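The values are calculated or read from the model by the stated rules, or taken from the named source; none is laboratory data. If you're wondering where the values come from, they're calculated on a predicted model, not measured in any experiment. Using ideal geometry, Cβ is built from the backbone for each residue, glycine included, and neighbour counts are taken over all protein chains shown. Note: accessible area is taken over every heavy atom of the protein model, side chains too, but ligands, DNA and RNA are not part of it. Shrake-Rupley method; radii C 1.70, N 1.55, O 1.52, S 1.80 Å.
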Amino acid sequence: MKIFLDTANIDEIRRFHNMGLLDGITTNPSLLFREGQNPDYIMEEIASMVSGDVSLEVVATKYEEMVREGTELHDKGNNVVVKVPMTPDGLRACRTLSSNNIPVNVTLIFSANQAVLAAKSGAKYVSPFIGRLDDIGHDGMDLIRTILEIFGNYDFDTQVLVASIRHPLHVVEAARLGAHVVTLPPQVLDKMLKHPLTDIGLKSFLSDWRLLQKSQK
Ligand code: E4P
């Protein structure tokens, strides 16, 4: 399972990149807005820092503009995957960009049928938003299960990128189902690292080591 970081914060990306944990990055216009800096600067920095796939999203809504904007985004780096929304124009742009060897991530997927259509349009990734489904009383993880089953039935090459992850249990469940990628907010990746018994165990090992040192004097 690949781990992507879902952020436009360069410091957070650098922190986890230095730990060697990142297979890629996903961003979106809202995440870029949160940083309050020049979005082009941020997108270029991210694309050059990380060698794995970096999803950068178009904001155009019409086919021709999506293709133009997507092509420009891809010029920021060979690792750039163009994110397009799950709309008729988005799927058309997905087909064109994919045919031009520009990989596409179809975002804002909320049903299995949308995932099938995106896969048939040549998407490298589909991004089902599980947290937002959970928020309205649906079972987001059930959607992941269904999409993986369908993609397996037909040997689609498209990868399921589990998005809108809210907590570490989402990651465990996605991994048990065999999802290809999870994209995590930095706070979820931080929580995955932590366990109170690790902290307690380390404290006790270090304290015993200090006692041993004293006893040897
Ligand atoms: C994925 O690519 C999206 O950027 C992201 O996962 C959306 O998550 P949210 O529902 O927490 O905004």
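I'd like the full set of residues that are more than 16 Å from the ligand (Cβ to nearest atom), free of Cβ contacts under 8 Å to residues at least 24 places away in the same chain and either within 30 Å of T146 (Cβ to Cβ) or exposed (fewer than 10 other Cβ atoms within 10 Å of the Cβ) (or both), limited to the stretch 160-193. Within the stretch 160-193, V172, R176 meet the criteria. Here V116 meets each of (1) touching a Lys or Arg at 6+ places or on another chain (Cβ under 8 Å); (2) β-branched (V, I, T); (3) more than 16 Å from the ligand (Cβ to nearest atom) with one exception, condition (1). Listed by first and then second residue, the pairs with beta-carbon distance under 6 Å, at least 6 apart or on different chains, first residue in the stretch 70-92 and free of Cβ contacts under 8 Å to residues at least 40 places away in the same chain, second part of a strand (DSSP E or B) and open to solvent by 50 Å² or more (accessible area, probe 1.4 Å), are P85/L108; M86/L108. Residues that are open to solvent by less than 10 Å² (accessible area, probe 1.4 Å) and within 23 Å of V182 (Cα to Cα) within the stretch 48-69 comprise V50, V54, S55, L56, V58, listed in sequence order.
Looking at I102, I46, just one residue is closer than 19 Å to F156 by Cα and under 20 Å from the mean Cα position of the chain (by Cα), and that residue is I102. Only one of the numbered conditions (1) farther than 17 Å from K124 by Cα; (2) open to solvent by less than 40 Å² (accessible area, probe 1.4 Å); (3) away from the ligand (no atom under 16 Å from the Cβ) is violated by M43, and that is (3). Which of the residues that make up the stretch 11-40 are open to solvent by less than 20 Å² (accessible area, probe 1.4 Å) and of a type outside the set (G, A, S)? Selection gives I13, F16, I25, T26, T27, L31. Taking the stretch 115-159 as the range and being charged (D, E, K, R) and without any contact (Cβ under 8 Å) to a residue 40 or more places away in the chain as the test, the residues that pass are K120, R132, D134, D135, D139, D142, R145, E149, D155, D157. Considering the conditions (1) over 21 Å from M1 (Cα atoms); (2) away from the ligand (no atom under 16 Å from the Cβ), R132 is excluded by exactly one of them, (2).
Inside the stretch 1-10, residues that are over 18 Å from L161 (Cα atoms) and surrounded by fewer than 15 Cβ atoms within 10 Å (Cβ to Cβ) make up a count of 0.
In the stretch 82-117, which residue that is assigned to a loop (DSSP other than H, G, I, E, B) and open to solvent by 20 Å² or more (accessible area, probe 1.4 Å) is nearest to P128 (Cα to Cα)? Of everything passing the filter in the stretch 82-117, F110 is nearest to P128 (Cα to Cα). Filtering the stretch 26-37 to residues that are in contact (Cβ under 8 Å) with a residue 60 or more places away in the chain and under 10 Å from the mean Cα position of the chain (by Cα) leaves only T26. Has the stretch 94-102 got at least one residue that is among the hydrophobic types (A, V, I, L, M, F, W, C), within 16 Å of the ligand (Cβ to nearest atom) and more than 26 Å from V188 (Cβ to Cβ)? Within the stretch 94-102, one or more residues are among the hydrophobic types (A, V, I, L, M, F, W, C), within 16 Å of the ligand (Cβ to nearest atom) and more than 26 Å from V188 (Cβ to Cβ). Among the residues of the stretch 119-129, just one is more than 16 Å from the ligand (Cβ to nearest atom) and closer than 20 Å to S164 by Cα, namely A119.
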